[in-house]
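The structure appears below as structure tokens.
The values are calculated or read from the model by the stated rules, or taken from the named source; none is laboratory data. These numbers come from a predicted model, not from an experiment. As a convention, Cβ positions derive from the backbone with ideal geometry for all residues, glycine included, and neighbour counts pool all protein chains shown.
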Amino acid sequence: MRIAIGGDHWGYQLKGPLREHLEALGHEVVDVGAHEHDPSDDYPDFAMAVAERVAVGQADRGVVVCGSGVGACVAANKVLGVRASVCHDAYSAHQGVEHDDMNVLCLGSRIVGDEVARELVAVFVSAEFTGEERHRRRLDKVLAMEAGWREGAPS
């Protein structure tokens, strides 16, 4: 699987070990930065870089790390076709893919440590959307909402 990964100054220290862990699991990793610690960088830049790669099919999934994961999640979800979520527990990290077809995992480096983060990315990339009727029905509703906005805000 090809995974895009990015993180701002708060995510910088955790992103490297996560990249190495994903590579050790056999995944191809596209690192969109930050490539150095810069306290003045901004999480939306990295969330957008990851999300765009997922949205256009240059990556199968994405991982974005910022301080809490929240800002990265908000920013990533602005890209059409992206279904990003903050997950700080293994159940949500795999269930989000299995039930909701989540394709971007957002982590907070100030919330989870290295070992938990490794577990979260491992279960995230190993999970698959079930395609069960109830999950497909719900996803179709979400995609219809997105399509409505793509064509212009509903009245």
* **Pair list, Cβ < 8 Å and 6+ apart or interchain, from segment 25-54 residues that are touching a residue at least 12 places away in the same chain (Cβ under 8 Å) to residues that are assigned to a helix (DSSP H, G or I) and loosely packed, with under 14 Cβ neighbours inside 10 Å** => VAL29/GLU23; HIS37/GLN13
* Any idea which residue in segment 86-104 is surrounded by the most Cβ atoms within 10 Å (Cβ to Cβ), counting only those that are within 20 Å of GLY57 (Cβ to Cβ) and in contact with a Leu (Cβ under 7 Å, 6 or more places away or on another chain)? -> ASP101
* Report yes if ALA75 is among the hydrophobic types (A, V, I, L, M, F, W, C), in a helix (DSSP H, G or I), touching a Pro at 6+ places or on another chain (Cβ under 8 Å) and closer than 17 Å to ASP8 by Cβ, otherwise no. => yes
* Failed condition for HIS37, given (1) touching a helix residue (DSSP H, G or I) at 6+ places or on another chain (Cβ under 7 Å); (2) closer than 19 Å to LEU120 by Cβ -> (2)
* Quick check: is even one residue across segment 64-78 at positive phi and either surrounded by fewer than 20 Cβ atoms within 10 Å (Cβ to Cβ) or out of contact with any Ser or Thr (no Cβ under 9 Å at 6 or more places or on another chain) (or both)? -> no
* Asked: What do you reckon, is ALA47 part of a helix (DSSP H, G or I), within 13 Å of the chain's Cα centre (by Cα) and closer than 29 Å to GLY131 by Cβ?
  -> yes
* Is it true that some residue in segment 110-121 is touching a strand residue (DSSP E or B) at 6+ places or on another chain (Cβ under 8 Å), surrounded by fewer than 23 Cβ atoms within 10 Å (Cβ to Cβ), at pLDDT 95 or above and under 18 Å from GLU28 (Cα atoms)? -> yes
